[in-house]
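Novice: Dropping a structure here in C-alpha cells format, bear with me for questions.
Rule-based calculations on the coordinates, nothing more; no lab input. Owing to the predicted nature of the structure, the values given are computational and were not obtained by experimental measurement. All Cβ positions, even for glycine, are placed from backbone atoms using ideal geometry, and neighbour counts span all protein chains on display.
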C-alpha cells in the first residue's frame, strides 16, 4: 500500500469512527420507572394511516383489533367504512397488478376489482369508492353498478413514503392526496376537477402522507410541509414531520429534530418543546399526549406542555407502530394509556 493511499484510508477510517462515536441519542435525565408492555396473539405485519394488518389476518384500527373479517394471507388492510373493510390483495410478487376487495363482518366479498397498478389508498362513501393507484392514477367507481365515474392519471413518481393518505369525502367534494405532493379536488355531483392545491415541493418522497377534514378545514401534509385549507385561505408551514396529531382546535407536530410543536388551525405556532435527539415513532392521546421514542421510551406530555414524564419500555420498540383506542401498539406488543 503506498503512503498516499494509506493516509487517505486512515483519514477516512478516523472520520468514520468519529462520526459513529459522535452519534447522539435521546437520553432522558429522569425516568419514572418502567412500563412492561402487554403481548398480543399475533405480530403486526403491514401498516398504513388507517390501521394495521396482523400476521393472523386480523385488522387493527383506531377502535382496536377487529374480530372480523380475517383477511386472506395475500391481503392487506387499506381502510374501513362502518362495518365494511377495504383491502388490497396481491396477485403475485412479480406482478404490479392487485385486486381491491371490500369485505363485510361476515367475511363476504361485497366488491372486488383488479387494477393494473396496486391501490395504495381507498375511501368508501355509500356506493362511491375513491382510489389512488401506485402510478398516481385517481379513480372514482360506483361499487353497485361497477361504473367508473372518474379517472385521472397524474405525474408518475419514482419514490414515495410507505404511509400515504386516503381520499376524503365532503358533502360536495372528493379530495385526493397525490403521490407528487398535491391535492386534487373533484366535484362529487359531476365528477369534474375543481382545483389542484400544491402541498409539498420535494423531489423525492413528496407524496401527501396526511389528509383529513376538521372543523371545515382540510389539513394535509407531506414529509416536509403542512397546509390547512379553508374556503378563504391556504396556510402553509415548512417542517420536517415525523407524526401529526389533530385534536379539536389544535394541531401537534412532531419533528425529525425531536421537537413537539403546538399550533392552531392557521398554523401559528403557539408552543414548542424539544426532546434532544429524540426519534418519534408513534403518538396517541388520552389525558396526556403519549409519544413512543425509538430507543424504548414512552413520553407522557401535558397537552399544554406544562410538564412531561418519561418511562422506559424494556425490550425496545419494534415496528410498525400504531395508536389505537387507549393504547399504543408496536411489534407484537402494546401499552395501555389513560
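Novice: How big is D, in µm² s⁻¹, for the stretch 154-257 by Stokes-Einstein at 25 °C and 0.890 mPa s if Rh is the Kirkwood radius over C-alpha pairs? Mind dumping the intermediate values first?
Specialist: On the way: Rh = 13.9 Å.
The calculation lands on 176 µm²/s.
Novice: With an 8 Å cut-off on Cα pairs and a minimum separation of 6 or more residues, tell me the relative contact order of the stretch 94-202 in percent. Before the final figure, lay out the partial values.
Specialist: Working: 215 pairs, mean separation 16.6, N = 109.
Worked out over the stretch 94-202, it gives 15 percent.
Novice: I need to check one value: relative contact order of the stretch 242-338, counting alpha carbon pairs closer than 8 Å and at least 6 residues apart, in percent.
Specialist: Contact order relative to length: 17 percent.
Novice: Taking 0.36 nm per residue of separation and subtracting the Cα-Cα distance, what length does fully extending residue 74 through residue 213 add?
Specialist: Result for the pair: 46.9 nm of gain on full extension.
Novice: Nearest 10 degrees, 0 to 90: what angle lies between the long axis of helix 3-21 and the longest principal axis of the chain (Cα atoms)?
Specialist: The angle comes out at about 70 degrees.
Novice: If you don't mind, there's one more thing I want to ask. For the stretch 186-225 and the stretch 30-55, write down the distance between their C-alpha centroids in whole Å.
Specialist: Rounded to whole Å, the Cα centres lie 29 Å apart.
Novice: Next question. Listing 158, 184 from the residue with the fewest other Cβ atoms within 10 Å to the one with the most, what is the order?
Specialist: 158, 184
Novice: At q = 0.12, 0.17, 0.18, 0.20 Å⁻¹, what base-10 log of I(q)/I(0) does the Debye formula yield for the stretch 240-338 when every alpha carbon is treated as an equal point scatterer in vacuo?
Specialist: Debye intensities relative to I(0), on a log10 scale: -0.34, -0.70, -0.79, -0.98.
Novice: Here's a follow-up. Please report, for the Cα atoms of the stretch 224-281, the Rg to one decimal and the Dmax as a whole number; what are they, in angstrom?
Specialist: 11.5, 38
Novice: OK, next. Restricted to Cα positions, what overall size does the stretch 288-338 have along the principal axes? Three whole-Å values, descending.
Specialist: 32, 23, 13
Novice: While we're looking at this one, here's another question. In whole angstrom, how far apart do the alpha carbon centroids of the stretch 231-287 and the stretch 93-134 sit?
Specialist: When both Cα centres are located, 32 Å separates them.
Novice: Above 38 Å lies some portion of the pair distances; for the chain, what is it as a whole percent of all C-alpha pairs?
Specialist: Numbers: 12060 of 56953 pairs.
Summing the P(r) tail past 38 Å for the chain gives 21 percent.
Novice: Can you pull the semi-axes for the stretch 55-185, root of five times each eigenvalue of the Cα gyration tensor, sorted largest first, whole Å? Before the final figure, lay out each step's value.
Specialist: Details: eigenvalues 99, 62, 42 Å².
Equivalent ellipsoid semi-axes, largest first: 22, 18, 15 Å.
Novice: Based on DSSP H runs of at least 4 residues, each adding -39500 (n - 2.57), what is the mean residue ellipticity at 222 nm of the chain after dividing by all its residues, to the nearest 500 deg cm²/dmol?
Specialist: Calculated from helices alone, the mean residue ellipticity at 222 nm is -2000 deg cm²/dmol.
Novice: Follow-up question, since we're still on this one. Taking N as the number of residues in the stretch 28-127, what value does Rg over Cα atoms divided by 2.2 N^0.38 Å take?
Specialist: 1.27
Novice: Rounded, prolate or oblate: pick one for the stretch 72-144, where a ≥ b ≥ c are the square roots of the eigenvalues of its C-alpha gyration tensor, a/c under 1.5 means rounded, and failing that, prolate if a/b is larger than b/c, else oblate.
Specialist: oblate
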